[in-house]
Amino acid sequence: MESKKNTSRKDAKRAKFGEIFLSLRSWWNQGIHARSGVACADCHMPYKREGALKISDHHVRSPLLNINHACQTCHKWPEEELKSRVEAIQERTQNMRNLAMDALIDLIGELKTARTANAPEPQITSAQDFQRKAQFYLDFVEAENSSGFHAPEEALRILGESINFARKGQLELRPAK
């Protein structure tokens with residue numbers, strides 16, 4: 001089995017145009033459920049009983065809609081506690097996502113101002129490169145669709161990178177000192 005360090009190194013080697021290739025596989029591997037051997041279907045398609053048969057529920061959906069079967073087979077805490085834990089993770093991720101979105105919007109506004117002021121083209125091009133990176137990282141977290149739950153630390157790390165790229169883009173547009 002590949003270590004987390006080797007997976008990250010492989011992803012970094014796939015760099016293209018300065019953007020690190022991110023994959024949902026490497027994202028999922030960062031979370032506690034993957035490290036514990038849990039598969040997607042274990043939570044999103046938990047087993048149910050139909051008569052004497054134990055079958056997988058073929059309605060792929062959020063585990064929060066079926067906490068009893070999706071979560072409590074492993075986690076023995078009350079439903080409300082499990083739900084509040086998930087919601088806390090998702091709220092932290094959404095707050096960071098909002099900060100990343102604000103940083104990106106700020107950069108886009110400053111790019112518009114720089115173009116209007118006829119800023120040097122190399123300065124604008126460099127800031128646009130940072131904008132693309134910030135947008136890519138933000139879009140990646142949004143597209144993953146768990147609001148950070150699958151890998152909370154990784155979601156926050158990637159959103160932090162998005163904010164960093166947006167702020168670097170803003171710095172590129174500042175007059176040289």
Between helix 79-116 and the chain, what is the angle of the helix's C-alpha long axis to the longest principal axis, kept within 0 to 90° and rounded to the nearest 10? 20
Per-residue ³J(HN,Hα) for the stretch 170-177, Karplus 6.51 cos²θ - 1.76 cosθ + 1.60, θ = phi - 60°, Hz, x for Gly and Pro: 5, 5, 4, 8, 6, x, 5, 9
Pairwise over distinct Cα atoms, reciprocal of the mean inverse distance: report the Kirkwood radius of the chain in Å, one decimal place. 18.6
Distance in Å, no decimals, from the C-alpha centre of the stretch 50-68 to the one of the stretch 69-110 is 23
Exposure proxy ranking, count of Cβ atoms within 10 Å, fewest first, for His75, His150: His75, His150
The stretch 89-168: translational diffusion in µm²/s, Stokes-Einstein, Kirkwood Rh over Cα pairs, 10 °C, 1.306 mPa s: 123
For the chain, longest principal axis from Cα atoms; helix 4-13 axis from its Cα atoms; angle between them, nearest 10 degrees, is 40
For the cross-link pairs Lys48/Lys83; Lys48/Lys76; Lys54/Lys83, which exceed 23 Å when the distance is taken from alpha carbon to alpha carbon? Lys54/Lys83
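Taken together, the values in this text are just the output of simple stated rules run on the coordinates, not laboratory data. Owing to the predicted nature of the structure, the values given are computational and were not obtained by experimental measurement. Note that we place each Cβ from the backbone using ideal geometry, even for glycine, and neighbour counts take in every protein chain shown.
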